[in-house]
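Following: one structure in structure tokens, then a few remarks.
The values are calculated or read from the model by the stated rules, or taken from the named source; none is laboratory data. Just so we're clear, the structure is a prediction, and the values are computed from it rather than from any experiment. Cβ placement follows ideal geometry from the backbone for every residue including glycine, while neighbour counts extend to all protein chains displayed.
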Amino acid sequence: MNPCEEYIKLETRRQFFGRAAVGLGSVALGSLLGKEAFAAPTRPAAPGAEQVAGGLPGLPHFAPKAKRAIYLFMSGAPSQMDTFDYKPKMQGMFDKDLPDEIRKGQRLTTMTSKQERFPIAPSIYEFKQHGQSGAHVSELLPHMAGVVDEMCIIKSMYTEAINHDPAITYIQTGHQIPGRPSLGAWLSYGLGSLNQELPSFVVLNSTWSAKRDAQALYHRLWGSGFLPSEYSGAMMRSQGDPVLYLSNPKGVSRGNRRKMLDRLAELNQEHAQKIGDPETHARIAQYEMAFKMQSSVPDLVDLSDEDEKTLEMYGPDVNKPGTFAYNCLLARRLAERDVRCTQIFHRGWDQHFNLPRDLPLQCKDVDQPAAALIKDLKQRGLLDDTLVVWGGEFGRTVYCQGKLTKTELGRDHHPRCFSIWMAGGGIRPGMVYGQTDDFSYNVTENPVHIHDLNATLMHLMGVDHERLTYRFQGRDFRLTDVHGHVVKDILV
């Protein structure tokens, strides 16, 4: 196919009308430049609903329970049996071999597949029941335990990926091989934005306390894949400008920047009319968003209007840019501004060794801020329509990797079961869903695949995961590939 024809066929409805508008002549163009040039058209999401910018006609497919989502992603995979999956029977099996009938010949990583034995390492942390739900929570997470009745804890998650990069790529984009759009990009593409002053998808990367190397995070994890690049997540930094190149260079006034962008938009529109490249329209939209963010982002990160009680709730690190506590507070401020999707990454959860040293540090980083986020959203009336998710890419093994003593242990990757929690936005609170065997090795009740998780997240946002598709290279793609079922049992 002719490359120009292929580009034109890839144009979205929004981009097509943006391109067609140029043909109305320079007079119409001039009037547009005087009124938020090239801004995405607004449309009502549904009768009586708020106006949204961009998005697809007909979406949401049905009334959403959640207007926005905040995804707290623990990169490296938290140990489920040391946090939420209480296994008391393991206490009497210290250093005994994991039974073959439990392992069932399942795939192992190369890091433990050559071990002569698989010695059971029970959790060294105390668990207690909390709230009216009676959910068991580890002593490492006392603040989360205090809000357990707001959560639905899912203990029966599973995936096929056994190594970090394919597993993170899988849960974020629906495929183990890079190149597909992320969850946030799909939501931005389908639903559009409720705030024209900030990106609809914002990403925050947090510092971590377990001072060891951590798995790398790549832009593709929040990228737009084959969707137009304007739907990619906008990474906010903790040092310098929150967004790169946000400040004007010395000698360039805001008025001059506006004039420059107007002229640049004219040139880009002329280029788009000749070539038909959808990415040209995406670039125009990104320039316009960057200009608006010069005002909106400084206001977003200015915490001077937060009262002391709120700051104390998030913990001592809340005033340190880049910490998980700081980012959780920013997530609440983004939710107040109706940003569609916010994702906070926290690395360092890969405890192959030194788990008793590193895991408590990691839990301390996230425990109080995550609980504070739930409480803060609730007291401001935002939790009912804000979906909060906490979890990693897979779980950890009950058997020890390397040397095992009463005070020293490590855990390898385990994809066959792990725990996450969800709160707000249409999730049934105070619920524990799914069960695993006595070894936290296999799911025994209500399995939830990562495609099921993403299908459920999209459902809560008013999206039928089977109907939000994008044609690329001759076939229709969707986030959940050809799988996924909405987990209706956990919905209000």
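General observations
- Criterion (more than 27 Å from Gln215 (Cα to Cα), assigned by TED's automatic domain parsing to the domain that holds Ser188 and either among the hydrophobic types (A, V, I, L, M, F, W, C) or surrounded by fewer than 23 Cβ atoms within 10 Å (Cβ to Cβ) (or both)) met by exactly one of Arg333, Arg347, Arg357: Arg333
Per-residue answers, yes or no, for (1) in the same structural domain as Asp384 (by TED's automatic domain parsing); (2) of a type in the set (A, V, I, L, M, F, W, C); (3) more than 16 Å from Ile420 (Cα to Cα):
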| site | (1), (2), (3) |
| --- | --- |
| Glu126 | yes, no, yes |
| Met144 | yes, yes, no |
| Val147 | yes, yes, no |
| Ile153 | yes, yes, no |
| Met157 | yes, yes, no |
| Ala161 | yes, yes, yes |
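- Of all residues in region 343-394, those being more than 22 Å from His164 (Cα to Cα) and not small (Gly, Ala, Ser) number 19.
- Answer from Arg411, Arg428, Arg467 - the residue that is basic (Lys, Arg), crowded, with 21+ Cβ neighbours inside 10 Å and either at negative phi or within 17 Å of the chain's Cα centre (by Cα) (or both): Arg411
- Any chance Pro99 is surrounded by fewer than 24 Cβ atoms within 10 Å (Cβ to Cβ), assigned by TED's automatic domain parsing to the domain that holds Gln473 and touching a Cys at 6+ places or on another chain (Cβ under 7 Å): no
- Scanning region 183-216 for residues that are among the hydroxyl-bearing types (Ser, Thr, Tyr) and touching a strand residue (DSSP E or B) at 6+ places or on another chain (Cβ under 8 Å) yields Ser188, Tyr189, Ser193, Ser200, Ser206.
- Within region 60-81, being within 11 Å of Met458 (Cα to Cα) and outside any loop (DSSP other than H, G, I, E, B) holds for Arg68, Ala69.
- Residue match in region 422-436 (condition: among the charged types (D, E, K, R), touching a residue at least 24 places away in the same chain (Cβ under 8 Å), in contact with a strand residue (DSSP E or B) (Cβ under 6 Å, 6 or more places away or on another chain) and more than 24 Å from Ala121 (Cα to Cα)): yes
- The strands (runs of 3 or more DSSP E) found wholly in region 110-221 and carrying at least 2 residues that are surrounded by fewer than 17 Cβ atoms within 10 Å (Cβ to Cβ) occupy 127-130.
- Test for Glu230: is it of a type in the set (D, E, K, R) and buried (at least 24 other Cβ atoms within 10 Å of the Cβ): yes
- Yes/no for Val366 being assigned to a helix (DSSP H, G or I), at pLDDT 95 or above and β-branched (Val, Ile, Thr): yes
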